[in-house]
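The values are calculated or read from the model by the stated rules, or taken from the named source; none is laboratory data. The structure presented is a predicted model; accordingly, all values stated were derived computationally and were not measured. Cβ placement follows ideal geometry from the backbone for every residue including glycine, while neighbour counts extend to all protein chains displayed.
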Amino acid sequence: MIRFNSILFLSSTTIAAAAFWYFFGRSLQYVVGYGNDGGWTENFSALSRICITILIALLFGLLITWLAYAYRHEYSSAASRKRASNPMATMNAITIHDTITRDGIQFLGFDLRDILGLARERVSASTWVCDDVECIGRTSDEVHASSDSGTELSGGRFLELADGIDQTIDGNFTAYISSGRPWCVIRAIDGSEFVVITDDTTFLAELRRRFIDVRDSPGDVEYVV
């Protein structure tokens, strides 16, 4: 593929060459038409104009190339900065819907602990915040209390609490490590699905391997903005 800079150089050179041949033709006409009467001084003046025309054309071509290159460089840098500052540029979201049927009733065949277990090391290293949680199980009271107060939980404690939940009906679980932006948000919705939003591609790959009904959900990425 021809590089952008090469295209710019060829374009500006073509413009410069066209300008040169135009003015060179005019100057050459002047030399041929008036050289015999004007003598050496007139010829020298015409040749000087030719040289000046060449120089101006080359400088004009170089200026166009430099300005276009500078603009492209600044545009690329600005785009890179925008991607770096925009969480949506790196975060991905999926929804998980695996279900089982028991006594004619269909419900999710997994829960929060099954998702966390696929990234246990990073989960343990994170600080977690629970919000709007509704769940049942032996640790549900403590989870509800943490959700209501907004108390931060260590990764280890969060794993312990998740192990005591039998069913997560609703809730948002957000993980932080060092930056102000979360690396993972897990959402339980109406006891019918889980949404996982994360920048960890390895975690996403593990989720896809572990579960069957996994769907891309780019619209959920906006939740972390």
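Using the structure shown, decide if residue 188 is within 14 Å of residue 116 (Cα to Cα), in a strand (DSSP E or B) and not charged (D, E, K, R).
Details: within 14 Å of residue 116 (Cα to Cα): yes; in a strand (DSSP E or B): yes; not charged (D, E, K, R): yes.
Criteria met by residue 188.
What are the residues in region 89-117 that are more than 27 Å from the chain's Cα centre (by Cα) and assigned to a strand (DSSP E or B), if any?
Scanning region 89-117 gives 99, 100, 101, 102, 105, 106, 107, 108.
Look at residue 120 and say whether it is assigned to a helix (DSSP H, G or I), in the same structural domain as residue 205 (by TED's automatic domain parsing), under 33 Å from the mean Cα position of the chain (by Cα) and at pLDDT 95 or above. Steps first, answer last, please.
Working: assigned to a helix (DSSP H, G or I): yes; in the same structural domain as residue 205 (by TED's automatic domain parsing): yes; under 33 Å from the mean Cα position of the chain (by Cα): yes; at pLDDT 95 or above: yes.
It is true that residue 120 is assigned to a helix (DSSP H, G or I), in the same structural domain as residue 205 (by TED's automatic domain parsing), under 33 Å from the mean Cα position of the chain (by Cα) and at pLDDT 95 or above.
Residues in region 123-141 that are surrounded by 15 or more Cβ atoms within 10 Å (Cβ to Cβ) and in a helix (DSSP H, G or I): how many?
2
Taking the conditions exactly as written (closer than 29 Å to residue 138 by Cβ and in a helix (DSSP H, G or I)), does residue 206 satisfy them or not?
Answer is yes for this residue.
Could you list all residues from region 147-166 that are crowded, with 16+ Cβ neighbours inside 10 Å and outside any helix (DSSP H, G or I)?
Across region 147-166, the qualifying residues are 153, 165.
Of everything in region 51-66, what is surrounded by fewer than 16 Cβ atoms within 10 Å (Cβ to Cβ), under 33 Å from the mean Cα position of the chain (by Cα) and modelled with pLDDT under 75? Give them in sequence order.
66
Given the conditions (1) touching a residue at least 40 places away in the same chain (Cβ under 8 Å); (2) of a type outside the set (Asp, Glu); (3) outside any strand (DSSP E or B), report the number of the one that residue 179 does not fulfil.
The failed condition is (1).
If residue 178 satisfies all but one of (1) over 31 Å from the mean Cα position of the chain (by Cα); (2) small (Gly, Ala, Ser); (3) at pLDDT below 95, what's the number of the condition it fails?
Of (1) over 31 Å from the mean Cα position of the chain (by Cα); (2) small (Gly, Ala, Ser); (3) at pLDDT below 95, only one is false for residue 178: (1).
Consider residue 144 against the criteria (1) surrounded by 15 or more Cβ atoms within 10 Å (Cβ to Cβ); (2) in contact (Cβ under 8 Å) with a residue 12 or more places away in the chain: it satisfies all of them except one. Which criterion is unmet?
(2)
Return the only residue of 141, 216 being modelled with pLDDT of 95 or more, under 19 Å from residue 99 (Cα atoms), assigned by TED's automatic domain parsing to the domain that holds residue 96 and not aromatic (Phe, Trp, Tyr). Steps first, answer last, please.
On the way: 141 fails: under 19 Å from residue 99 (Cα atoms).
One residue alone meets the criteria, 216.
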